[in-house]
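Everything below concerns the one structure shown next.
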Amino acid sequence: MPGLFIDVKVDPEVAKDATLAAKLAEVCPVSIFKASERGLEIVESELDECVLCDLCLEVAPGKVEIVKLYEQK
Amino acid sequence: MSILISKDTRFIVQGITGREAINLTRENLDYGSKIVGGVTPGRAGRDVYGVPVYDCVRDIVKAHGAVDGSIVCVPPRFTQDAVFEALENEVKLIVVVTENVPRREVAQMVELAELRGARIIGPNCLGMISPDEAKMGGIGGPAANTRQAYTPGNIGVMSRSGGMTTEIASTLTNAGLGQSTAVSIGGDAIIGSSYAELMPLFEADPDTKAIAIYSEPGGRMEAELADWIRTNKSRLPVVAFMAGRFMDEMQGMRFGHAGTIVEGVEDTTAEKIKRMEAAGISVAERIEEIPELLRKRLAEVN
Amino acid sequence: MRFYEYEAKALFARHGLPMGASRVVESAAAAREAFDAIGGPCVLKGQVLSGGRMKAGAVKFADTADEAAAHFDAIMPVEVKGQKSRSVLVESKSEIVQEYFAAVTWDGRAKRPVLVFSDMGGIDIEEVAETHPDHVSKTHFSSILPLSPRVAKEAIGATGVTGSDLNRLTPIIFELMQLFLRYDLTLAEINPIGKLADGRFIVLDGHIDLEAEARGIHKELLDELGIGDDETRQARPPTEFEIAGARVNAVDHRGVAGNVVEFDGNLGLVIGAGGGSLTLFDAVRKHGGKPANYCEIGGNPSVSKARELTKLILGKPGVERIAVMMNVVSNTRVDIVARGVVSGCIESGKDPAEAIAIFRIPGAWEDEGFKILEKYGVEYCDRSVSMYEAAGRAVAKMGAGS
């Protein structure tokens, strides 16, 4: 479930890439990403805490999308 | 000209991988500041917006040569150690962002800084900015917002409140008055650099023509400033904004910053206003009165 | 954070400072027992967090157990500066030949601890400093170099004390200096220190303030003294609302959304930061507004913190609307606060457009923040509207009664 303000969409390929998943978990300053044995998880309760730092977009170019729900009609 | 920082100041960020530090690193870089490295123990090898991360200050100095300053942005219980580390690596200008550091630890940091010939700004501050030169700290926020609030000019700004530093600068900018340097000095009971301790720097800066300060109940810093102005026959007109007037009726209650409490008559806004006016400082009741008061005082000087 | 006298004395006892036998009691029967256990004349002192106890009648002397019991009943209802005693300290009464004063505090200007000593104790030290300046010494010492008893010796000697008095007072005062630094105190005072007929010295009354920021560091001591986290020890006890505010702030370490102080008006204030809140509170009052609370947001709190604070304030009985206002922000972000207050309104079952009288937070990330407010129809303004004007607009809306 998305947050009220922010949603994060991740390419399913990323979830299988343990290294990239760990990298995402490391760079996110508000712990939206969690890397586990099952791969990458999105911590839904933290979505609205996203600070739009773009660090996730930097480590996984083209594979992560941050959606600002308040920009949608 | 400006005080404390210019575009040539090379500094580091301690605690660079934290949420707030990441933010201010990006904002400082975007504004044109020179950040040579960052420290987070155990995170050597990473980078934050292109700034290399090291385990300790010593390693940055080894790799990049001496640095001029450091922004300390680590949790309260690690702050003193981080400042000591910077001081012992010959960093001479330290901005301590962290809030809630007990005053014993702050006093010890300040005393070691004196022994090492270094200056501390803060704690509990947003740092400082010399508009269009550089900024060091979260002051002004993202570069675009910072340029909106701060413009180069002749007013020196000092404030115990980080937020009010930008509010005042923004008001000055809107009124066509630029700033030489604006310093968020920190709101704690003990801080590295008080109004009076920064006055000699502004006094010596030919581009600074007047001073605007934000003031509030608690402490003796306004009395110290009034004394300094009187003893040194300062050339700079000073305009102060005084907040927290409601606190005069609420003895013993702490509001705002750690240093903001009315415990005796000397802590009240009424008493502080009296002292400042006696030393020739103009006191504004509303922020928007500051530009006009400054213009009036500047006209008197010329 | 002020300690009660009995707590200060527990701390002194931990470090071997000399004191008379004493016991804290909470009933007349216990006062009687304490008197018998101590044996001999006693002084009974109401435990309140302020000075002026003697004048108010909260300190009484007992020569018999019956008297001790009667004094207990007399002291408990007495108000000292608006506070009633939480308990009574029964302490053996000693014959005193002279009283002394010693206190260590921070000098914010010198940025050093300062030891104030006087051989004229028991009375107001400010008064002594004015009338008998040669009987008060002020001695700064380093907080970083090794502590040394010679500082205490010099401070005592400076008031003219010499001989065995000097040698007996020095270790007591030195201990006070050590306590001051060791426990992150902002005031460590013994007033008076009494000199007994046989030449010994004892602590008669003490005043300890521990820095609020250091409570975490000294949790063990506070637990031992039974001081709970909810005891703020401000000038008045915290209200339920204020305790709830402190809990909101303690949820995570990201930024501040707290320092809530309760007032009885109808306009809820979600304001910041340290200086901005003071400025805005003044402005609301100047416009004739009735604030329901004071608060501070700053240091870029998390969305959840801003949300919980909003819910707390909107849920306060009598609150009709909230005004969300700050100075031009730098590190606190407009969009993060906007997300917090908007979701706080929604989770409170209110329409943000109705519940928020005005949103005046310009600065960092304002474009993103304003987009959120647009979407939810909240009235907002940028830096072209001053803090003073924004407060006026919020107050005017309340007056309209809609």
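The values are calculated or read from the model by the stated rules, or taken from the named source; none is laboratory data. Source: prediction; values computed, not measured. Positions of Cβ are generated from backbone atoms using ideal geometry, with glycine treated the same way; all protein chains shown enter the neighbour counts.
Scanning segment B:162-203 for residues that are more than 10 Å from every other protein chain (Cβ to nearest Cβ) and part of a strand (DSSP E or B) yields B:179, B:180, B:181, B:182, B:183. Listed conditions (1) surrounded by 19 or more Cβ atoms within 10 Å (Cβ to Cβ); (2) in the same structural domain as residue C:207 (by TED's automatic domain parsing); (3) within 30 Å of residue B:187 (Cβ to Cβ) are all met by residue C:8, apart from (2). Identify the residue in segment C:239-254 that is over 19 Å from residue B:99 (Cα atoms) and aliphatic (A, V, I, L, M) and, among all such residues, is surrounded by the fewest Cβ atoms within 10 Å (Cβ to Cβ). Per the stated criteria, the residue is C:243.
For segment C:345-391, the set of residues classified as assigned to a helix (DSSP H, G or I), of a type in the set (Gly, Ala, Ser) and away from every other protein chain (no Cβ under 11 Å) consists of C:353, C:355, C:390, listed by residue number.
Scanning segment B:111-135 for residues that are more than 8 Å from chain C (Cβ to nearest Cβ), in contact with a helix residue (DSSP H, G or I) (Cβ under 7 Å, 6 or more places away or on another chain) and under 23 Å from residue B:76 (Cβ atoms) yields B:113, B:116, B:118, B:119, B:120, B:123, B:125.
With the requirement that a residue be at positive phi and either within 21 Å of the chain's Cα centre (by Cα) or hydroxyl-bearing (Ser, Thr, Tyr) (or both), what does segment C:103-126 give you?
Matches in segment C:103-126: C:111 only.
Could you check chain A for helices (runs of 4 or more DSSP H) lying wholly inside it with 3 or more residues that are more than 14 Å from chain B (Cβ to nearest Cβ) and touching a strand residue (DSSP E or B) at 6+ places or on another chain (Cβ under 9 Å)?
Ranges flagged: A:12-16, A:18-27.
A single entry from B:63, B:21 fulfils the requirement of being of a type in the set (Gly, Ala, Ser) and surrounded by 16 or more Cβ atoms within 10 Å (Cβ to Cβ): B:21.
Taking residue B:129 as the residue in question, decide whether it is in a strand (DSSP E or B) and buried (at least 24 other Cβ atoms within 10 Å of the Cβ). Yes; evaluated as a whole, the condition is true for this residue. Is segment C:304-321 home to any residue that is in contact (Cβ under 8 Å) with a residue 24 or more places away in the chain, within 13 Å of chain B (Cβ to nearest Cβ) and of a type in the set (Gly, Ala, Ser)? Checked segment C:304-321: no residue is in contact (Cβ under 8 Å) with a residue 24 or more places away in the chain, within 13 Å of chain B (Cβ to nearest Cβ) and of a type in the set (Gly, Ala, Ser). Report yes if some residue within segment C:195-218 is more than 19 Å from residue C:99 (Cα to Cα) and surrounded by fewer than 16 Cβ atoms within 10 Å (Cβ to Cβ); otherwise report no. Yes: segment C:195-218 contains one or more residues that are more than 19 Å from residue C:99 (Cα to Cα) and surrounded by fewer than 16 Cβ atoms within 10 Å (Cβ to Cβ). From the list B:285, B:216, B:271, B:224, the lone residue that is modelled with pLDDT of 90 or more, in contact with a His (Cβ under 8 Å, 6 or more places away or on another chain) and among the acidic types (Asp, Glu) is B:216.
Taken over segment B:1-39, residues that are more than 23 Å from residue A:49 (Cα to Cα), among the hydroxyl-bearing types (Ser, Thr, Tyr) and assigned to a loop (DSSP other than H, G, I, E, B) amount to 4. Looking only at residues in segment B:100-110 that are in contact (Cβ under 8 Å) with a residue 40 or more places away in the chain and assigned to a loop (DSSP other than H, G, I, E, B), the one that is nearest to the other protein chains (Cβ to nearest Cβ) is B:100.
Going by the conditions given, is residue B:70 more than 8 Å from chain C (Cβ to nearest Cβ), on the phi < 0 side of the Ramachandran plot and buried (at least 23 other Cβ atoms within 10 Å of the Cβ)? Judged against the criteria, residue B:70 is a match.
At pLDDT 95 or above, among the acidic types (Asp, Glu) and over 21 Å from residue B:128 (Cβ atoms): does that describe residue B:85? Judged against the criteria, residue B:85 is a match. Taking (1) within 14 Å of chain A (Cβ to nearest Cβ); (2) buried (at least 19 other Cβ atoms within 10 Å of the Cβ) in turn, residue B:30 satisfies each apart from (2). For segment C:105-116, the condition holds for no residue, the condition being that it is more than 25 Å from residue B:106 (Cβ to Cβ) and more than 14 Å from every other protein chain (Cβ to nearest Cβ). Out of the residues in segment C:83-115 that are of a type in the set (Asp, Glu) and in a strand (DSSP E or B), which is modelled with the lowest pLDDT? Ranking the candidates gives C:107 first. Among the candidates B:42, B:38, B:18, B:50, which residue alone is free of Cβ contacts under 8 Å to residues at least 60 places away in the same chain and more than 12 Å from chain A (Cβ to nearest Cβ)? Checking each option against the conditions leaves just B:38.
Considered as a group, the residues in segment C:77-102 that are among the hydrophobic types (A, V, I, L, M, F, W, C) and away from chain B (no Cβ under 14 Å) include one that is farthest from the chain's Cα centre (by Cα), and that residue is C:97. So, residue B:302, is that one over 24 Å from the mean Cα position of the chain (by Cα) and more than 9 Å from every other protein chain (Cβ to nearest Cβ) or not? The answer is yes for residue B:302. Residues of segment B:84-99 that are in contact with a Leu (Cβ under 8 Å, 6 or more places away or on another chain) and not in a strand (DSSP E or B): B:84, B:87, B:97.
Just a yes or no: is a residue in segment B:249-265 more than 13 Å from chain C (Cβ to nearest Cβ) and in contact (Cβ under 8 Å) with a residue 24 or more places away in the chain? No: segment B:249-265 contains no residue that is more than 13 Å from chain C (Cβ to nearest Cβ) and in contact (Cβ under 8 Å) with a residue 24 or more places away in the chain.
Of the residues making up segment B:254-290, just one is part of a helix (DSSP H, G or I), touching a Gly at 6+ places or on another chain (Cβ under 9 Å) and not charged (D, E, K, R), namely B:269.
How many residues are at negative phi and either surrounded by fewer than 18 Cβ atoms within 10 Å (Cβ to Cβ) or in contact with a Cys (Cβ under 6 Å, 6 or more places away or on another chain) (or both) when one looks only at segment C:29-55?
Count: 10.
When residue B:150 is tested against (1) within 16 Å of residue C:327 (Cα to Cα); (2) in contact with a Lys or Arg (Cβ under 7 Å, 6 or more places away or on another chain); (3) aromatic (Phe, Trp, Tyr), just one condition goes unmet, and that condition is (2).
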